Amino acid sequence: MENIRYFDHAATTKTKEEVLKEMIPYFTLNYGNASSIYTIGRKSKKAVEEAREKVAKAINATSKEIYFTSCGSESDNLAIKGVAYANREKGNHIITTKIEHPAVLHTCQHLAREGFEITYLNVDNEGLISLQELEEAITNKTILISIMFANNEIGTIQPIKEIGQIAKKHNIYFHTDAVQAVGNVRIDVRDLNIDLLSMSAHKFYGPKGVGALYARTDVKFDKIQDGGHQERNKRAGTENVAGIVGIGKAIELVYKNFDEYNNKLLNLRDYYIKQVEEKIPYVKLNGHRTKRLPGNANISFKFVDGEALLLNLDAKGICASTGSACTSGSLDPSHVLLAIGLPHDVAQGSLRITFGEDNTKEDVDFLVDTLVNVVEKLRDSSQEYKEFASK
């Protein structure tokens, strides 16, 4: 990756060498099926349970409350569909927001086609929900509230503890998609009254293809995948032992160095935002200025097309994003940016920069200098900008 400057850690992170080192033996030496009773099978089973303990410890859960999955999207599906199907006799109403990840939005749309009622909460222009609107949306048929911990595009962190308190008061399960938050926020599921939580290893320097769902011991939820009895009969399929070892090691490492890592991200983020706002006119920071993930900076560059911006940055060896990696193939404006009230043309000119442990201040300077030149070039060829500037 010579001469590549990577600023898209919300899309994925590299797998740390320490993580890979712990994973390799479960591909080559201890390759036994974790459901087998012979020695190398028992070694795999032991490794799975040790990883379960590490994931549980990181969020103040118990190991029996952790279920391994293939990714954050599967965890979201298992939580939302699992609770919906298991609690039909209580009600059919689910509350979520308009800015959720597609793994939540599309799951809720699927359930709506099966007769469930879905309420999509609005957010303000910084991406925050209204707690009053949440409480007013609750009915006697509400069985689940699913609100993301932190938004993957604009980085806004929701008032999770207060949401958990409202859910608990009304005896409603509370699920949070914490895929972007794990590793970037300290999470205590007991203190925050979280009943179910989704995570994905590749967002915090673990491998792709493995995630986890936390479900409090007394949460009633059904499996959504038929087959064997793995994961206490909640998730059929042979365990991805190496991947599970990887998520355990990765979450252990990221919280071991939490303060140092996140302070670095915070400093780089604030420095980048300050430089852009000082050096480039007609820009807008999207999301809450302070209640946001430490490494996330989403900025709209008015009179600029986001795809053209990305291609020009890529030509300079800069990796960034216009929004969620999961919707990067779409030409439509981000549903998140539209939900916070941005006009279509401004939303189309957004750039998401997300920092990681290898980024430096020098990287940020290079990024900003490149942006200054690229934005100026793109605006010079924009008829809309010429008309605006001539007024």
query: Of everything in the range 29-45 that's free of Cβ contacts under 8 Å to residues at least 12 places away in the same chain and closer than 12 Å to Ala242 by Cα, which residue is nearest to the chain's Cα centre (by Cα)?
result: Lys45
- request: Could you tell me whether the range 34-56 includes any residue that is touching a Lys or Arg at 6+ places or on another chain (Cβ under 7 Å), under 30 Å from Thr354 (Cα atoms) and either at pLDDT 95 or above or open to solvent by 30 Å² or more (accessible area, probe 1.4 Å) (or both)?
  value: no
query: Within the set of pairs 6 or more residues apart or between chains, which connect a residue that is crowded, with 16+ Cβ neighbours inside 10 Å inside the range 263-283 to a residue that is outside any helix (DSSP H, G or I) and of a type in the set (D, E, K, R) with Cβ atoms less than 6 Å apart?
result: Tyr282/Lys302
task: Report yes if Ile299 is outside any helix (DSSP H, G or I), open to solvent by less than 10 Å² (accessible area, probe 1.4 Å), in contact (Cβ under 8 Å) with a residue 12 or more places away in the chain and not hydroxyl-bearing (Ser, Thr, Tyr), otherwise no.
output: yes
field: the range 176-189 residues that are on the phi > 0 side of the Ramachandran plot, paired with ones that are at pLDDT 95 or above and in a loop (DSSP other than H, G, I, E, B) (beta carbon under 9 Å, 6 or more apart)
entry: Gly183/Thr13; Gly183/Phe204; Gly183/Tyr205
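Give the residue, chosen from Val104, Val83, Val123, that is crowded, with 21+ Cβ neighbours inside 10 Å, part of a loop (DSSP other than H, G, I, E, B) and β-branched (Val, Ile, Thr). If you could, list the steps in order and put the result at the bottom.
Working: Val104 fails: part of a loop (DSSP other than H, G, I, E, B); Val83 fails: part of a loop (DSSP other than H, G, I, E, B).
Of the residues listed, the single one that is crowded, with 21+ Cβ neighbours inside 10 Å, part of a loop (DSSP other than H, G, I, E, B) and β-branched (Val, Ile, Thr) is Val123.
The values are calculated or read from the model by the stated rules, or taken from the named source; none is laboratory data. Quick caveat: nothing in here was measured; it's all calculated off a predicted structure. Neighbour counts are summed over all protein chains in view; Cβ atoms, including those assigned to glycine, are modelled from backbone coordinates with ideal geometry. Surface areas here come from the heavy atoms of the whole protein model, side chains and all, with no ligands, DNA or RNA. Shrake-Rupley method; radii C 1.70, N 1.55, O 1.52, S 1.80 Å.
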